[in-house]
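The values are calculated or read from the model by the stated rules, or taken from the named source; none is laboratory data. Since the structure is predicted, the reported quantities are computational estimates derived from the model, not experimental observations. Cβ placement follows ideal geometry from the backbone for every residue including glycine, while neighbour counts extend to all protein chains displayed.
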Amino acid sequence: MIKGKPTILKTLYTYFLGITTGELMPELAENKYSHSEQFGKNAKKIKELYIQYRGKIKLTENITLKEIYYEIIGQRKNSITVEEKNEEIEFTNIWTKVAGIKNNIHGEFLYQIIPRAVLTREKQIDRGIRGIDPQCKYCNRQFETFQHLFIDCKELKMFRTYVIQNGQSEDPNFEISKKLLLLVDIKTELIPIIYGYTHTVWACRHFEDTLNLYKLQMKYHKDKEIYRKYNKNKN
Ligand SMILES: [Zn+2]
């Protein structure tokens, strides 16, 4: 029996061990203690996790404990970094650019946008967070993925067109694309626009009121100006 502080990893291990033993050697698996006694409040959670993932995890395979754990928290899928996925892109310049953003809050937000690290509903579900409505708040039809939210959502098409026209006054080739949101080879003058756009889409998805184009546009200009104000002389 594993002793010590029951970290998730340890409790899971113990739990899986119990289940496996129970299935293979029922006579040996006669537990003296029930799981709830062993793990207290965590017992219910672990049991739910096990039930939810038992189909996905094949205990007879040569699988490591770490792999089981990553499977459950959805880490494996996210562990492919944005750099691995986009090998043709030189990321050093991008990270340097973001690191140079004067205002920490703005910098951190963009730092999450580039590796698609913002916690979209899809990502929250992947990580095992329960009670999440996976639907995009704007269209209520598609899953809220990064790609859907910032690039594809039909309900945001007019807003994107507006931002694109706005951005084209700085750069005639301005488009809202996957590449743009990776901040690849962009002019520094475009950063406030990208911040304004992504932050507006991100923040307004929490609003309960019905959103119209006008409100999104106002928020976008406000965010863009705030960015410019707090990042003067640098970006
Ligand atoms: Zn949508």
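Quick one: in region 73-106, of everything that is basic (K, R) and touching a helix residue (DSSP H, G or I) at 6+ places or on another chain (Cβ under 9 Å), which residue is modelled with the highest pLDDT?
The initial filter retains those residues of region 73-106 that are basic (K, R), namely 76-77, 85, 97, 102.
Cutting the leftovers down to touching a helix residue (DSSP H, G or I) at 6+ places or on another chain (Cβ under 9 Å) gives us 76-77, 97, 102.
On the way: R76: 54, K77: 52, K97: 89, K102: 93.
So, considering only residues that are basic (K, R) and touching a helix residue (DSSP H, G or I) at 6+ places or on another chain (Cβ under 9 Å), the one modelled with the highest pLDDT is K102.
The residues of region 162-175 that are within 16 Å of T198 (Cβ to Cβ) and among the hydroxyl-bearing types (S, T, Y) amount to a single one, Y162.
Where helices (runs of 4 or more DSSP H) fall wholly inside region 113-206, the ranges with 2 or more residues that are among the aromatic types (F, W, Y) are 157-168, 191-204. Just one of (1) away from the ligand (no atom under 13 Å from the Cβ); (2) under 16 Å from L181 (Cα atoms) fails for G128. It is (2).
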